[in-house]
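K.L.:
What follows is a single structure, and I will ask about it in a moment.
Just so you know, all these numbers are worked out from the coordinates, no wet-lab data involved. The structure displayed is predicted, hence computed values, not measured ones. Because the Cβ atoms are built from the backbone with ideal geometry, glycine has one as well, and the counts that use them run over all protein chains shown.
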Amino acid sequence: MPGLHLKGVFGDIAMLLAVATAAGAVAMRLRQPLIVGFIGVGILVGPSVLGWVTGTDELHLLAELGLAILLFLVGLRLDLGLIRTVGPVAVATGLGQVLFTSVIGFFICLALGMTVTTATYVAVALTFSSTIIIVKLLSDKRETDSLHGRIAIGLLIVQDILVVLAMIVLTGGAGGQAQGIGMQILMVATKAGGLLAAIALMMYFVLPRLLREFARSSELLVIFAITWAALLATVGETLGLSKEVGAFLGGVSLASTQYRELLGARLVSLRDFLLLFFFIELGARLDLSQLGDQVWGAIPLSLFVLIGNPLIVMIIMGLMGYRRRTSFLTGLTVAQISEFSLILMALGLRLGHVHEEAVGLVTLVGLVTIAISAYMIIYSHKLYDWLFPYLGIFERSVPHPEQALDSAEVTARRPDTIMFGLGRYGGAVARELMARGRIVLGVDFDPRAVRRWSERGWPAMFGDAEDPEFHASLPLSTVRWVISSLRDMDINLTLIHALRSHGYEGNIAVTANTHNDANTLTKAGADLAFVPYSDAASQAADLISAADREEARKKMDRIIASLKDHYIVCGYGRMGQEIVREFRRHGVPHVVVESNPEQLPKLEARNVPFVKGRATEDEVLLAAGIERAKGLIAVAATDEENVFIVLTARGLNPNLRIVARSIQEENESKLRKAGADLVMSPYILGGRRMAAAILKPGVVDFIDLLTHAEQMNLDVRSIPVRAGSSVVGKSILESGIWQQTGSTVLAVRREGDLLPNPGPSFVLREQDELILMGNAEQLDAAENMLTNSSKSA
């Protein structure tokens, strides 16, 4: 590069790097694409401005190596199984866009006054888009794995093959060499088939053994990958294909190996460094001296490329049934012309088919479209949101191809959690949550991730977190948590806003890069924002579980606050659990008070209403609603604790019916003095019951039948005879208890004595306590009879 004023190639490269770094810093400060800044550096140091670069052999070498590594990495990430899904649409859009663009562009060129030959060259030049620029932009946005990214890359690969054929046709078309053209195309196709066959054989018989040897050293493995990419790029160009196609096939040949992730991670930085020289070289090759007279002709052609090419792709994809979002984002990737367009025009100039004015025109169109389309792709999602209302005409009301990626499990199971992003972090969090009993619906815009998730039998959907249409298709009504493992601030803000605007009232958890970002997302409406680190998956799952417990606690507190005439069970040991089981079986409202940390997880898992704390404390019993409660059962671990529970409860609610357990027989009197209405010793009751099972088996069987036979719907209730009741002074027969209510009198408790099986002539008195058997309706009627006065009767 003799135009520079430093000594040697090293100094020249150092100067270029210094200028590129400064330009990149300015572009970042101005929030502009780095690509535009680097192309601007090339124009600045090129022959049109400063003239520092007049020979670009060194730049060209570094740029070519960068291109090879870029396309190699694209092929390395290609999932061969997706060719069945993406292949047809890539071929259709690639061929269709080239055909319609060339035809329409040809007539536009004729309208601008060009000759037929010049119009043909220019029209063909307008059809091809820059694979390098598009792949770089998609890589920077991490969208090469998205569906629209994969379709775009496939479309561009089709274009690269077509540009080779176009060059063959145009170079042979000047002298009526139609037969030679056909033979050249046939030769290229034959060579391409031979290359594919050779690579396939290498994949099965040679590469596995080589990779195992080179993998002993990660440095040597990376060097081999670079060598393989450069070698196949050279072979591709030698066979009449392009370097890009050869390097791409090199990446594909290693895509199914276990080293793809390691190679991809190691080569990204080298790729970005070398591509810097490609963009500088592209800018340096632009001859601005040829542009002055071509401005007016460049305007309609640039508008056609910027608007017409995306519309053609959107129409084709719309006819194939794709969603408007996928079609729009794919269409934007063809809104510029390629570096091959400039090469094609230079070829035509050398052959004498076109003049310098046509080369200048295409150069200006390239400069304009590359710069503007870079902004269009970088801000594609915002552009889609702005144009969304007008894009419905590009979408058919049919099942979309994207829906074929959704697993059948989506409709078969009702998820309680949705996970956006199924990469390493999101997948790990989802697996942690599923291990804890959750049903997680995975969502990703990478078809490969969706398919991998579905193959494991887990529900998965293809979708984009930024797609406003997609959220309406999610089962938000059954979901308690929506989690985003994506670390993009704009995407997460869009997701939060979209979910809330769709009426989602559940919880939202998002991922942030920094704690400041986490605070911003929380203020925007996220319930949880976590910053990943080494044990991020389990930690995130813990945070979700903790937040879920907090939400469940708030809901449980609301339920407890609404209870009335319920029972409080103090203690959740074996007896407390049995009491709760019976209460649940009979639909009796209840609350458990427990302080033992070993029992609390059981209460949470069984969704039992509970208050954490010691039942001897006033605030704990008040939280359990003791002032509204009907009864309390004290089954704490010790008699001493039960005594204090009874004392506390009786002080808070004098009218409460209290039943207490006594472990030691001698403590029964203490519990009664403390205020217990009934004291029961499980050991004494158990002993008596076992003895009764031998001595009075019929009685025990009847009690079991009465207690556990739900189909009988029977109960026993103790009802006092109030003063002034209509039954006072009447015999049981005269009172009509059985005839009017259907209740059976089992016994009468009078002045502390229990009088079983009273006869029909037994006369009832005030303060007698009748023990009646019947169903709930019968017993309610009997209670109404025994408590009403004779006047009201």
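K.L.:
Normalising by the residue count of the range 406-552, find the relative contact order in percent from Cα pairs under 8 Å and 6+ residues apart.
P.N.:
Relative contact order of the range 406-552: 23 percent.
K.L.:
For the range 406-552, what does the convex hull of the Cα positions come to per residue, in cubic angstrom?
P.N.:
101
K.L.:
Based on the alpha carbons, how large is the Rg to Rh ratio for the range 257-376 when Rh follows Kirkwood?
P.N.:
1.08
K.L.:
If you don't mind, there's one more thing I want to ask. FRET efficiency for LEU303 and ALA25, Cβ-Cβ distance as r, R0 = 41 Å, nearest 0.05?
P.N.:
Once the sixth-power term is evaluated, E becomes 0.80.
K.L.:
Additional query: Decide, for the range 713-793, between rounded, prolate and oblate: order the square roots of the alpha carbon gyration tensor eigenvalues as a ≥ b ≥ c, take rounded if a/c falls under 1.5, and otherwise choose prolate if a/b is larger than b/c, else oblate.
P.N.:
It is rounded, given that a/c, with a ≥ b ≥ c, falls under 1.5.
K.L.:
Can you return the lysines within cross-link range of LYS136? Criterion is Cα-Cα under 18 Å, with same-chain partners fewer than 8 residues away left out.
P.N.:
Straight-distance partners of LYS136: LYS243.
K.L.:
Once Lys and Arg get +1 and Asp and Glu get -1 on their Cβ, which of LEU695, LEU347, TYR390 lies farthest toward the positive end of the dipole of the chain?
P.N.:
LEU695
K.L.:
Sequence neighbours fewer than 8 away in the same chain don't count; with that in mind, list the aspartates and glutamates whose C-alpha is under 17 Å from LYS564.
P.N.:
Candidates past the 8-residue exclusion: GLU627.
K.L.:
Once Lys and Arg get +1 and Asp and Glu get -1 on their Cβ, which of PRO415, THR494, ASN516 lies farthest toward the positive end of the dipole of the range 406-552?
P.N.:
PRO415
K.L.:
Same structure again: For the chain, what does the alpha-carbon gyration tensor say about shape, rounded, prolate or oblate, given a ≥ b ≥ c as the root eigenvalues, a/c under 1.5 as rounded, and a/b over b/c as prolate?
P.N.:
Verdict is prolate for the chain.
K.L.:
Rg/Rh for the range 8-394: what does it come to with C-alpha atoms and Rh from Kirkwood?
P.N.:
So for the range 8-394, dividing Rg by the Kirkwood Rh gives 0.96.
K.L.:
For the range 713-793, what is the charge dipole size about the Cα centre, in debye to the nearest 20, if Lys and Arg each add +1 at the Cβ and Asp and Glu each add -1 at the Cβ?
P.N.:
200
K.L.:
Excluding residues on the same chain fewer than 8 positions from LYS730, give the lysines whose Cα lies under 26 Å from its Cα.
P.N.:
LYS791
K.L.:
What dipole magnitude, in Debye to the nearest 20, does the chain give about its Cα centre under +1 on Lys/Arg Cβ and -1 on Asp/Glu Cβ?
P.N.:
The dipole of the chain has a size of about 820 debye.
K.L.:
With an 8 Å Cα cut-off and a minimum separation of 6 or more residues, compute the relative contact order for the range 513-649 in percent.
P.N.:
24
K.L.:
Of the listed pairs LYS602/LYS670; LYS523/LYS612; LYS555/LYS612; LYS630/LYS670; LYS523/LYS555, which have alpha-carbon separations greater than 26 Å here?
P.N.:
Among LYS602/LYS670; LYS523/LYS612; LYS555/LYS612; LYS630/LYS670; LYS523/LYS555, the Cα-Cα distance tops 26 Å for LYS602/LYS670; LYS523/LYS612.
K.L.:
Right, another one. Roughly how big is the range 8-394's charge dipole about its Cα centre, with Cβ charges of +1 (Lys, Arg) and -1 (Asp, Glu), in debye to the nearest 20?
P.N.:
1140
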